[in-house]
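The structure under discussion appears below in the form of structure tokens.
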Amino acid sequence: MLKTLAVIAVIAVVVIAGILIYAATKPDSFRVQRTASIKAPPDKIHALIADLKAWPVWSPYEKKDPAMKRSFGAVTAGKGATYAWEGNKDVGQGNMEIVESSLQKVLIKLDFLKPFEAHNMAEFVLVPKGDTTNVTWAIYGPSPYMSKVMGTFMDFDKMIGRDFEQGLADLKAAAEK
């Protein structure tokens, strides 16, 4: 019996070590992005993205916790606009600031505080194509070791990508009205 437990312990240590070593080989940064074609001019789409008070219309994260506490800074649209949130386990807690805003691009500094701390960037790139605009929504940033370990078991691209696809579909619906 003792020999069996020792074998099980050794196997467990080898498996855990393997997972930790594998995680260490993952990239030091990540990027998730999705693109949608929206039949609207860039200025109409930009207005929905660059105005943080317009996000409830299209952002999937606004819908994950209807009771989420929201607070806005003195500026709510364009460069310098700020927004903070505190919600359930699906949205956590954090804040964001628009650091760049033009008809071609909106760049947002994202600081997540809960359920775990992370500092990333969100980017919306708008490229006009005839009577449509291609909108790419991306999030990127560093991938610390614990994120690499979590990424061994969870597909962040799939998880975040689904939210981005839903958000872009809702942005499309709002902009094409």
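Only the coordinates and a few stated rules stand behind these numbers; no lab work does. These numbers come from a predicted model, not from an experiment. All Cβ positions, even for glycine, are placed from backbone atoms using ideal geometry, and neighbour counts span all protein chains on display.
Observations
- Restricting the range 63-77 to residues that are of a type outside the set (F, W, Y) and not in a loop (DSSP other than H, G, I, E, B), the residue that is nearest to G167 (Cα to Cα) is K63.
- In the set D155, D111, only one residue is on the phi < 0 side of the Ramachandran plot, under 11 Å from the mean Cα position of the chain (by Cα) and exposed (fewer than 15 other Cβ atoms within 10 Å of the Cβ); that residue is D111.
- Checklist (1) surrounded by 13 or more Cβ atoms within 10 Å (Cβ to Cβ); (2) closer than 30 Å to S143 by Cβ applied to P41, failing item: (2)
- Of all the numbered requirements in (1) touching a residue at least 40 places away in the same chain (Cβ under 8 Å); (2) out of contact with any strand residue (DSSP E or B) (no Cβ under 9 Å at 6 or more places or on another chain); (3) of a type outside the set (D, E), I98 misses one, and that requirement is (2).
- Hits in the range 78-97 - residues which are in contact with a Leu (Cβ under 7 Å, 6 or more places away or on another chain), hydrophobic (A, V, I, L, M, F, W, C) and either within 18 Å of Y140 (Cα to Cα) or part of a strand (DSSP E or B) (or both): M96
- The condition (being touching a helix residue (DSSP H, G or I) at 6+ places or on another chain (Cβ under 9 Å) and among the aliphatic types (A, V, I, L, M)) is satisfied by just one residue among L52, L48, L5: L48.
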